[in-house]
1. What net charge is computed for the residues neighbouring Ala88, neighbours being all others with C-beta under 11 Å from the C-beta of Ala88, Lys and Arg scored +1, Asp and Glu -1?
2. May I ask you to evaluate 6.51 cos²θ - 1.76 cosθ + 1.60, the Karplus curve with θ = phi - 60°, for each residue of segment 34-40 and list the ³J(HN,Hα) values in order in whole Hz, giving x for glycine and proline?
3. At what distance in nm do the modelled label points of Ala60 and Arg185 sit from each other, each positioned 7 Å from its Cα along Cα→Cβ?
4. Could you look at the chain and say what percent of its accessible area is carbon and sulfur, using a 1.4 Å probe and all protein chains?
5. Return the FRET efficiency for the residue pair Gln175, Asp143: r is the Cβ-Cβ distance, R0 is 41 Å, and the value is rounded to the nearest 0.05.
6. Per the Kirkwood treatment, what hydrodynamic radius in Å, one decimal, follows for the chain from the mean inverse distance over all distinct Cα pairs?
7. Over the Cα atoms of segment 18-95, each weighted equally, I'd like the Debye log10 I(q)/I(0) at q = 0.12, 0.15 Å⁻¹, rounded to two decimals.
8. Assign unit charges at the C-beta atoms only (+1 for Lys and Arg, -1 for Asp and Glu), then state the dipole size of the chain relative to its Cα centre in Debye, rounded to the nearest 20.
Amino acid sequence: MEQALETLNGEIDVELVWQPFELNRDMAPEGEPILEHLCRKYGKDAASMEQSQREIMEVAEELGLNFRGALERRANNTFAAHRVLAWAGTQHQETALQLALFEAYFGEAKNPADPAVLGEKAIEVGLDGDTAEAIARSDQYADEVRAAEQRFMEAGVNAVPAFILDGRYLISGAQPADVLVDALRQVAEENASR
């Protein structure tokens, strides 16, 4: 999406709004080693899954993304992270925090729902770390996050990434930038002809 938005810079005004999606809603707080989790989830052997992850890491590196910690990370429940991200949205820093948490998880193999990590990453993007940690340790924003999760599951989102354009069109899965550019242009054209 970042590449698509760079391509469209100045051509189309796009408002990026993040929505919560928990991959591991029932995961224990300590999480699970990622390869073990993926093998069980997809029914593949460890060697195949590790090779698949290494291929993803290579593509990520080509795109300028830091996935160096991808094999060391753990599958975690991310509900606390989504609640802190909801707060960050009220501070107009949700995208910055989201990207910092991607870096923490894929690049540094940190737990993105750990209150200390959330506090650290909040500070990195100019937010109050103590507030982020307090939200992570509380139930603040729980109702809002659960309601958003339900709304988007009902809209057909059952995996990430998923892109909902103009509240009408769902694009599921990772897509090349040109596919997203074309879709955004099509929506913009439709809106201009209304």
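1. On the way: positive: Arg83, Lys121; negative: Glu94, Asp128.
Counting the neighbours of Ala88, the net charge comes to 0.
2. 4, 5, 4, 4, 5, 4, 5
3. 3.1
4. Working: 5660 of 11410 Å².
On the chain, the fraction of accessible area on carbon and sulfur atoms equals 50 percent.
5. The computed FRET efficiency comes out at 0.80.
6. Values: mean 1/r = 0.0554 Å⁻¹.
So the Kirkwood estimate lands at 18.1 Å.
7. After summing over all Cα pairs, the log10 values are -0.45, -0.68.
8. Values: 17 positive and 36 negative charges, 106 e Å.
Using Cβ point charges on Lys, Arg, Asp and Glu, the chain gives about 520 debye.
The values are calculated or read from the model by the stated rules, or taken from the named source; none is laboratory data. Every value quoted in this text rests on a predicted model; they were computed, and no experiment measured them. In this analysis, Cβ positions are derived from the backbone assuming ideal geometry, glycine residues included, and neighbour counts consider all displayed protein chains. Please note that ligands, DNA and RNA were not included when accessible areas were found on the heavy atoms of the full protein model with its side chains. Shrake-Rupley method; radii C 1.70, N 1.55, O 1.52, S 1.80 Å.
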